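A.B. asks: My structure is below; once you've seen it, I'll send some questions.
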Amino acid sequence: MECIILAGGLGTRLRGVIGNQPKCMAPVQGKPFLEHMFAYLEQEGCTRLILSLGHLHEVITDWLASQSRSFEITYVIEQEPLGTGGGIHLAVQQSTTQHVIVLNGDTMFRIPLSELIGHHREYDAETTLALKVMHRFDRYGVVRVDEHHTIIAFEEKKYHESGLINGGIYCINRERFLARTFPDKFSFEKDYLEKYVDTSLFSGYVHDSYFIDIGIPEDYERAQITL
């Protein structure tokens with residue numbers, strides 16, 4: 001199981017709480033959030049991890065020296081911000097498996113990753129999104145799927161009584177993804193998922209596991225208790 005964690009975020013909205021450090025290094029119960037992510041990946045059977053780094057990457061690479069995990073850890077560094085798509089594309093080029101899992105470094109969605117890969121293979125998707133059932137929210141857009149789990153639409157952020165949101169974990173067919181032509185800098189969500197959603201190549205894996213996004217101060221504080 002090969003995984004990528006996007007850990008190059010600027011953490012602008014959290015800067016007043018955590019200071020000038022990468023978002024994934026924000027302390028939660030005395031440990032960097034990234035350490036909680038590592039423990040989750042270890043539990044799920046990850047064998048190789050690629051970190052996609054950018055802003056203040058030295059903070060993370062120095063911290064990695066203290067980590068001893070059951071999986072191999074390597075990283076790529078963006079010399080300038082490449083967007084979510086550019087960061088993923090750079091890291092996927094360093095992967096070796098046919099199907100690679102991508103996770104956001106500021107989101108914890110504790111799904112069974114082996115089930116995600118199984119779903120991805122069963123439906124022969126180019127990319128599979130892990131989707132979370134959410135109620136009474138306006139912070140996230142909604143993902144629409146049909147009866148065959150095919151993603152058919154992405155809707156903009158607005159208030160919803162309930163719906164499926166993008167949980168920030170993807171399983172990507174490496175060969176098919178890298179066969180596409182992208183600019184160096186692009187948005188994975190806008191320039192890939194939304195652009196090609198009509199091709200029926202994206203599948204949705206729905207799960208109701210624990211979910212936390214520490215990207216804003218309110219949810220970061222909630223993570224101190226719930227995580």
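The values are calculated or read from the model by the stated rules, or taken from the named source; none is laboratory data. All values reported here derive from a predicted model rather than from experimental measurement. For neighbour counting, all protein chains shown are included, and Cβ atoms are generated from backbone atoms with ideal geometry for every residue, glycine included. All accessible areas refer to the heavy atoms of the entire protein, side chains included, with ligands and DNA or RNA removed. Shrake-Rupley method; radii C 1.70, N 1.55, O 1.52, S 1.80 Å.
A.B. asks: Just one of (1) surrounded by fewer than 18 Cβ atoms within 10 Å (Cβ to Cβ); (2) in contact with a Lys or Arg (Cβ under 7 Å, 6 or more places away or on another chain); (3) at pLDDT below 95 trips up residue 184, so point out which.
C.D. replies: (2)
A.B. asks: Checking the conditions here, which among 215, 167 is under 30 Å from residue 31 (Cβ atoms), of a type outside the set (A, V, I, L, M, F, W, C) and touching a Gly at 6+ places or on another chain (Cβ under 9 Å)? Steps first, please.
C.D. replies: Numbers: 167 fails: touching a Gly at 6+ places or on another chain (Cβ under 9 Å).
Testing whether each residue is under 30 Å from residue 31 (Cβ atoms), of a type outside the set (A, V, I, L, M, F, W, C) and touching a Gly at 6+ places or on another chain (Cβ under 9 Å) leaves just 215.
A.B. asks: Which count do you get for residues in segment 46-74 that are small (Gly, Ala, Ser) and under 17 Å from the mean Cα position of the chain (by Cα)? Full working, then the answer.
C.D. replies: We begin by selecting, within segment 46-74, every residue small (Gly, Ala, Ser); these are 52, 54, 65-66, 68, 70.
So of that shortlist, the ones also under 17 Å from the mean Cα position of the chain (by Cα) come out as 52, 54.
Of the residues in that region, 2 qualify.
A.B. asks: I need every pair where a residue in segment 122-147 that is over 20 Å from residue 104 (Cα atoms) has its Cβ under 8 Å from the Cβ of a residue that is surrounded by fewer than 18 Cβ atoms within 10 Å (Cβ to Cβ) and acidic (Asp, Glu), sequence separation at least 6 or different chains.
C.D. replies: As it stands, the answer is 135/161; 136/161; 144/155, since those pairs meet every condition given.
A.B. asks: Continuing with the same structure: Open to solvent by 40 Å² or more (accessible area, probe 1.4 Å), on the phi < 0 side of the Ramachandran plot and modelled with pLDDT of 95 or more: is that true of residue 58 in this structure? Before you say what the answer is, go through the steps one by one.
C.D. replies: Numbers: open to solvent by 40 Å² or more (accessible area, probe 1.4 Å): yes; on the phi < 0 side of the Ramachandran plot: yes; modelled with pLDDT of 95 or more: no.
No, not satisfied.
A.B. asks: Among the residues of segment 36-46, is there at least one that is without any contact (Cβ under 8 Å) to a residue 24 or more places away in the chain and within 15 Å of residue 169 (Cβ to Cβ)?
C.D. replies: Quick first cut of segment 36-46, residues without any contact (Cβ under 8 Å) to a residue 24 or more places away in the chain only: 39, 43.
Okay, now just the ones that are also within 15 Å of residue 169 (Cβ to Cβ), so 43.
Yes, some residue in segment 36-46 is without any contact (Cβ under 8 Å) to a residue 24 or more places away in the chain and within 15 Å of residue 169 (Cβ to Cβ).
A.B. asks: Give the residue, chosen from 198, 184, that is farther than 21 Å from residue 39 by Cα and part of a loop (DSSP other than H, G, I, E, B). Outline the logic, then answer.
C.D. replies: Values: 198 fails: part of a loop (DSSP other than H, G, I, E, B).
Just a single option satisfies the conditions, and that option is 184.
A.B. asks: Where in segment 95-137 are there strands (runs of 3 or more DSSP E), lying fully within it, with 2 or more residues that are more than 19 Å from residue 49 (Cα to Cα) and either modelled with pLDDT of 95 or more or open to solvent by 10 Å² or more (accessible area, probe 1.4 Å) (or both)? Before the answer, list the steps.
C.D. replies: Working: elements: 99-104, 107-109, 127-137.
Those strands (runs of 3 or more DSSP E) span 127-137.
A.B. asks: Could you figure out which of (1) open to solvent by 50 Å² or more (accessible area, probe 1.4 Å); (2) assigned to a loop (DSSP other than H, G, I, E, B); (3) touching a Lys or Arg at 6+ places or on another chain (Cβ under 6 Å) isn't true of residue 152?
C.D. replies: Unmet condition: (2).
A.B. asks: All but one of (1) in a strand (DSSP E or B); (2) within 14 Å of residue 192 (Cβ to Cβ); (3) charged (D, E, K, R) hold for residue 176, so report the exception by its number.
C.D. replies: It is condition (1) that residue 176 fails.
A.B. asks: While we're on this one: Given the conditions (1) under 21 Å from residue 201 (Cα atoms); (2) part of a loop (DSSP other than H, G, I, E, B), which single one is not true for residue 66?
C.D. replies: (1)
A.B. asks: Could you please tell me which pairs satisfy a Cβ distance under 7 Å, a separation of 6+ or placement on different chains, a first residue in segment 173-195 that is of a type in the set (Asp, Glu), and a second residue that is surrounded by 14 or more Cβ atoms within 10 Å (Cβ to Cβ) and in a helix (DSSP H, G or I)?
C.D. replies: Going by the 7 Å Cβ cut-off, the qualifying pairs are 184/86; 189/84; 191/85.
A.B. asks: Next up: Contact list please: Cβ distance under 8 Å, first residue in segment 203-224 and part of a strand (DSSP E or B), second residue among the polar types (S, T, N, Q) and surrounded by fewer than 16 Cβ atoms within 10 Å (Cβ to Cβ), pairs at least six apart or on different chains.
C.D. replies: Once the first residue is part of a strand (DSSP E or B) and sits in segment 203-224, its partners that are among the polar types (S, T, N, Q) and surrounded by fewer than 16 Cβ atoms within 10 Å (Cβ to Cβ) give 212/226.
A.B. asks: For segment 185-227, how many residues meet the condition of being charged (D, E, K, R), in contact with a helix residue (DSSP H, G or I) (Cβ under 6 Å, 6 or more places away or on another chain) and more than 20 Å from residue 143 (Cβ to Cβ)? Working first, answer last.
C.D. replies: Step one: list which residues in segment 185-227 are charged (D, E, K, R), which gives 185, 189-191, 194-195, 198, 208, 213, 218-219, 221-222.
Then keep just the ones that are in contact with a helix residue (DSSP H, G or I) (Cβ under 6 Å, 6 or more places away or on another chain); that gives 185, 191, 213.
If we keep only those that are more than 20 Å from residue 143 (Cβ to Cβ) as well, we get 185.
Residues that pass the stated criteria total 1.
A.B. asks: Taking segment 155-175, which residues are of a type in the set (Phe, Trp, Tyr) and either modelled with pLDDT of 95 or more or open to solvent by less than 70 Å² (accessible area, probe 1.4 Å) (or both)?
C.D. replies: 170
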